[in-house]
1. Sort 84-95, 24-35 by the packing proxy (mean of other Cβ within 10 Å over each peptide's residues), most packed first.
2. Taking the Cβ-Cβ separation of residue 16 and residue 38 as r and a Förster radius of 25 Å, what is the calculated FRET efficiency to the nearest 0.05?
3. Could you work out how much longer the chain between residue 54 and residue 1 gets when fully extended? Use 0.36 nm per residue separation minus the Cα distance between them, nm to one decimal.
4. So for 59, 96, fewest C-beta neighbours within 10 Å to most, what's the order?
5. Given R₀ = 22 Å, FRET efficiency for residue 25-residue 66 by Cβ-Cβ distance, to 0.05?
6. Where the Cα atoms of the stretch 2-96 are projected onto their three principal axes, how long is each span, largest first, in whole Å?
7. Can you sort 70, 20 so the residue with the fewest Cβ neighbours within 10 Å comes first?
8. Please quote Rg/Rh for the stretch 44-98 to two decimal places, taking the Kirkwood radius as Rh and restricting both calculations to Cα atoms.
């Protein structure tokens, strides 16, 4: 079976339980159509680069899927009809990333300074 990453953005006014229910509904669609969800990651409420349908923020969710192409087509069809989903994107990948995704690892980097600037420069930019 082919491997896919399906990412969707849910409206900012949804609760975390409602976002989890959307992820569960997507998982059910995949499993009912002979597919398998390998991993589900919720990236949380993040600021958008621009407003989408009057929303400045959105809940990001990623699903790693092993499924045939018609299963992905059905998932996208039902996602398109859901008014709680602002945007979605499904891409085919060669293999799923082991462990947490880059977005989850991004939060773990704490070795930098408080403002991400560990060069030791002062306000004037000099040494």
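1. Numbers: 84-95: 13.1, 24-35: 16.1.
Output ranking for 84-95, 24-35: 24-35, 84-95.
2. Values: r = 22 Å, r/R0 = 0.88.
Approximately 0.70, to the nearest 0.05.
3. Working: separation 53, 0.36 × 53 = 19.08 nm, distance 3.82 nm.
Value of the extension gain: 15.3 nm.
4. Numbers: 59 26, 96 14.
Lowest count first: 96, 59.
5. Numbers: r = 18 Å, r/R0 = 0.83.
Plugging the Cβ-Cβ distance into 1/(1 + (r/R0)^6) gives 0.75.
6. Extents along the principal axes, in whole Å: 35, 23, 20.
7. Numbers: 70 11, 20 15.
Exposure proxy ranking, most exposed first: 70, 20.
8. On the way: Rg = 13.3 Å, Rh = 13.1 Å.
Result for the stretch 44-98 is an Rg/Rh of 1.01.
The numbers here are math on the coordinates, done by the rules we state, and not lab data. All figures in this text were calculated on a predicted structure; none of them were measured in a lab. Don't worry about glycine lacking a Cβ; one is built from the backbone with ideal geometry, like all the others, and counts go over all protein chains shown.
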